[in-house]
Amino acid sequence: MGCKISILKCMRGKVEQEESISSGISNSSSNTSDETETNRDQDSLYLAFNKHHFVVEEDDREVAQCKTDAFDIVAEKNEKTPFEDSCAYDENGDYLTIKGPQDFSNYLLTTNVPSIIKILLVFSKDDQQMDILANAARRLGWSVSMAKDAEKAIELFQNRAHELVIIDHREHHAAEGDAICRAIRSSPVYHNSVIIALVKKSYFMLDEKDHIVALNLLETGFTRALMECSHEGILINELVGIYTSSLLPKTQLAAAHALYLALDRCRDMVHITNDKNIVQFLNKVSEKLLGYKTEEMMGRNLSEIVYYDNFALMEQQLSKGREFEGNMNCKRKNNQMITINCRIIPFCITLKKPSHYIYVYDTTYLSENSAPISPVGSPLHPPLRPSVMPNTRKSSDVKSGISEGRRRSSLQKLHLEAPITKVITLLSNAVTDTTNPETAAQIDKAIDILKTTELYVPHLKEDKAMYSDPVATDLVGALLASPRTAWESRRSSSDSARLSTIKAITYPNSHVQKNFLGSQEITEILDKSLDWDFEIFKLEVLTEKRPLVFLGLTIMNLYQVPTILHCDERTLQNWLAIIEHNYNAENSYHNSTHAADVLQATARFMQSKKLKAILEPLDEVATLVAAAAHDIDHPGRSSQFLCNANNRLAILYNDLSVLESHHAALTFKLSLSDDSVNIFKNLERDAYKLLRQNVIDMILATEMTKHFEHLAKFMNVCSARIGEGQETYSDSLDMSVVLQPDNVILIKRMMIKCADVSNPTRPLKCCVEWARRIAEEYFNQTDEEKKLKMPVIMPMFDRLTCSIPKSQIGFVDYIINDMIEAWDVFIDMPEIVGYMRHNYEKWKEYNEQGISTLQDVEKLQQQHPEIQIP
């Protein structure tokens, strides 16, 4: 508290103490009053303050350590008690005991006090009592101000805002003292000052049996009363008591008000209830999201508004004093339901059982994008309509085309010119020069196309064969469609809880060294980790659905990842473990087995001479990292599904590359969460930045809506037109062009894209199993869309009617074939085209045999050993 007087040193020998005490006793009778007072100040003051220490000297023992000053007395209580020693964390990282005030008392905000306590003494005239009070305060290092009337008292208080005010309230000064107290309390600078009435001892001698005179002071505005006293030592004790019991709590209360304001204005929704779950507090975000006003929520049981499916589990966790986290279904005032991730913290005052429960809902992005609380279809919810820009210009109007071409020629005057601008200018000049109306019209049409901002946005060709097959139409259309095209039919829904959460950052307890039953078989399989017919499903079974750790460690060691990243192998193993742990094992397709398969494909691709010549070691590492994590925490639903469901990830990423953005972000969130998993921690800043950019770019490239854009750019770079309608790939590519940074990025995008959709290019038994798994995942999505009354993205993917062979045939025809053929010529890997064509013919055979549903495919696998999966 910053008391500044000079005091004796707190450490002295016991002999010196006894001599000093003895000397003080023998000389006490011969010293004058002033000398005695001085001696006390310098040698035997039993209570002394400085900025950080509060000293109590005892005659019978050596003072081993200076205690804290009065405002730190509370801190002394924060030393660990036997109770606290037993309440650290359990094996899951949860609190074994309930949080209470003892957990929060060391914050600077709640222990901060003024460096110097300012005290105001208001006495109408100088007297001995005022002098003794002033001396006692000064000995404590306090700053003392004195006033003799109300006007002066108010002036001083407004200028200095004293923490403590003592007003003479004895006998005939009582009425004036009451007036001064009221005036100070009404002052604009009054906030938390302690105002004390100085009274005579006789004030508390009751004349009336049932009357409590102290109540009169409290009603006036005084904080408490102080009896007059002429003994300075007693007054020092009283002032210290006033400090610890009144001034310090006032400071803490002011801090609590600041925290309350922060809680009320924070972006997350917060509810606080008592032990009976009755609402005691809610912040402003709650009213915005749920629509209930404060008075409508206060005193209400929270369970009427907030629901949790597994209430028994939640109650069990909270009863053990553990924090609980889960997805709560919250009922809005208009009866709509929203699902919000919530953490519940039990808080206890008595340290025996919870007295309050604190609900903190992760609603940052939901609150920013939540719809108004009004019925759907009301004026506040107008239907969204796509804006259409009418094209009133006719391309066959040659004169119009020529005149517009002349206007475009003004682009040549620009000082800055992009390549596309040059192309448009050249074509505009060609329109002017040509004499053939048809040619002019075609060039003019080409110019219009080039002026659009999305040159590579795919549009399916007018292929009657394709549109005659509804399954192929559904599959290809859904894969290539941007989520924005579904806005018109989007509606709110309380989507599945697992879609709105990110898996906790946890670390598996088991490690690769675990003795698996088939450890020898695992070793034999991993010896063929770079073969294209690698048995990924057998590895899945032998590793108990943990293939990514085993295969990842093998492949990354082959590519010397630990050496390049300057990290030890154990850190790499931990990273693979946490990445695999955050894949959803319940997904039939998008799980860690798929991640391991994509990792294996990229590793095999990078064995090609072409890619070895193009990629730097850090490029190879980035590719393997991106492949391993490219679908982490995939919910088993498409991005378009999340957008239609108003899922929080769709809201977070503005409906743009929703899943891919989440995969990339979570990869680095997990990687940087702890040094034991941070494989990037020893990289130099520039190297890490480059690797991070590459990983993010490759993960984002796996979004299927960008498929044709990446493919078209790749073919433009790596192909040469040799005849009308024909393309081939030169064996003597100009490597100076290929090695340009933008083209290297494009090649890495194509590599991970080909690996991501390489299922049709694998041996038949793998191809069939992957087709079965992806179909099951699509069927589950369709089932959920129907259940939640959401727009059905792929209606033909109904488990009762869908033809799996037809879906695979359409997938190869419109997505895979061109890309794989181009990739084969580029890296010289003919087996991928060979397997693709063989599998394509087998799917045609299966279709002709009447194989259609999931059950048909499973029966086929059982009947033919060559396509059975372990």
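What order do you get for 618-628, 691-701 when each peptide is scored by the mean count of other beta carbon atoms within 10 Å, highest first?
Numbers: 618-628: 24.4, 691-701: 20.8.
Peptide ranking by packing, descending: 618-628, 691-701.
Spelling out what I want: for every residue of the stretch 528-534, take phi, set θ = phi - 60°, compute 6.51 cos²θ - 1.76 cosθ + 1.60 (Karplus), and round to whole Hz; glycine and proline get x.
10, 5, 10, 7, 6, 9, 4
Which of rounded, prolate or oblate describes the stretch 756-870 when judged by the alpha-carbon gyration tensor and an a/c cut-off of 1.5? Can you show the working numbers first?
Numbers: a/c = 2.23, a/b = 1.43, b/c = 1.56.
Because a/c hits 1.5 or more and a/b fails to exceed b/c, the stretch 756-870 counts as oblate.
Quick query: amide H of residue 281 versus all other amide H atoms, modeled in the peptide plane; which residues come in under 5 Å with a sequence gap of 5 or more or a different chain?
Close amide H contacts, sequence-distant or interchain: 272.
Among 339, 308, 294, whose Cα lies farthest out toward the positive end of the dipole of the stretch 266-367, if unit charges sit on the beta carbon of Lys, Arg (+1) and Asp, Glu (-1)?
294
So which of 445/753; 288/333; 610/713; 538/765 end up more than 21 Å apart, counting from Cα to Cα? Numbers along the way, then the final one.
Numbers: 445/753 32 Å; 288/333 11 Å; 610/713 18 Å; 538/765 12 Å.
With Cα atoms farther than 21 Å apart: 445/753.
Once you list every other residue whose beta carbon is under 14 Å from the beta carbon of residue 168, what net charge do they have if Lys and Arg are +1 and Asp and Glu are -1?
After counting each charged neighbour, the total is -3.
I'd like the accessible area for residue 829: 1.4 Å probe, protein heavy atoms, all chains in place, Å² to the nearest 10.
Surface open to solvent at residue 829 totals about 0 Å².
Quick check: net charge around residue 752, other residues with Cβ under 13 Å of its Cβ, Lys/Arg +1 and Asp/Glu -1?
Numbers: positive: 604, 706, 748, 749, 753; negative: 597, 619, 620, 631, 660, 697, 703, 756.
Residues close to residue 752 contribute a combined charge of -3.
Sort the following peptides by mean Cβ neighbour count (other Cβ atoms within 10 Å, averaged over residues), highest first: 148-160, 795-807, 757-769. Each step should come with its number before you reach the end.
Values: 148-160: 15.8, 795-807: 19.5, 757-769: 22.2.
The most tightly packed comes first, giving 757-769, 795-807, 148-160.
Applying the Karplus parametrisation 6.51 cos²θ - 1.76 cosθ + 1.60 with θ = phi - 60° to the phi angles of the stretch 836-849, what ³J(HN,Hα) value in whole Hz is obtained for each residue in order, glycine and proline being reported as x?
Values per residue, Gly and Pro as x: 4, 5, 4, 5, 4, 5, 5, 5, 4, 4, 4, 5, 5, 7 Hz.
Could you pull out every residue, at least 5 positions away or on a different chain, whose amide H is within less than 5 Å of the one on residue 196? Hs are placed 1.01 Å off N in the peptide plane, and Pro or chain starts have none.
Here the answer is 165, 166, 167, 223, since their amide H atoms fall under 5 Å of that of residue 196.
Which order, highest average first, do 284-295, 230-241, 116-127, 634-645 follow once you tally other Cβ atoms within 10 Å for each residue and take the mean per peptide? Could the numbers behind the result be given before it?
On the way: 284-295: 17.5, 230-241: 15.8, 116-127: 19.2, 634-645: 24.8.
My ranking of the peptides, most packed first, is 634-645, 116-127, 284-295, 230-241.
Using a 1.4 Å probe over the heavy atoms of the protein chains, calculate the carbon and sulfur portion of the accessible area of the stretch 581-663 as a whole percent. Intermediate results must be reported in sequence, preceding the final value.
Working: 970 of 1970 Å².
Whole-percent figure for carbon plus sulfur exposure: 49.
Whole-Hz Karplus ³J(HN,Hα) for the stretch 323-333, in order, using 6.51 cos²θ - 1.76 cosθ + 1.60 and θ = phi - 60°, x for Gly and Pro?
Listing the rounded values in order: 5, 10, 10, x, 9, 9, 9, 9, 8, 7, 4 Hz.
Once the whole set of protein chains is in place, how much accessible area is left on residue 672, using a 1.4 Å probe, in Å² to the nearest 10?
Roughly 90 Å² of residue 672 is accessible to a 1.4 Å probe.
Could you tell me the distance between the Cα centroids of the stretch 805-843 and the stretch 173-241, to the nearest Å?
92
Send over a whole-number figure in Å² for the accessible area per residue of the stretch 118-261, probe 1.4 Å.
On the way: 7040 Å² over 144 residues.
It amounts to 49 Å² per residue over the stretch 118-261.
In square angstrom, rounded to the nearest 10, how much accessible surface does residue 423 have for a 1.4 Å probe?
60
What residue among 255, 123, 157 has its Cα farthest toward the positive end of the dipole of the stretch 118-261, where the charges are +1 on Lys, Arg and -1 on Asp, Glu, each on the Cβ?
After comparing all options, I get 255.
The values are calculated or read from the model by the stated rules, or taken from the named source; none is laboratory data. Just so it is clear, the structure is predicted and the values come from calculations on it, not from any experiment. When we count neighbours, we look across all protein chains shown, and the Cβ atoms used for this are built from the backbone with ideal geometry, even at glycine. Side chains included, ligands, DNA and RNA excluded: accessible areas come from the protein's heavy atoms. Shrake-Rupley method; radii C 1.70, N 1.55, O 1.52, S 1.80 Å.
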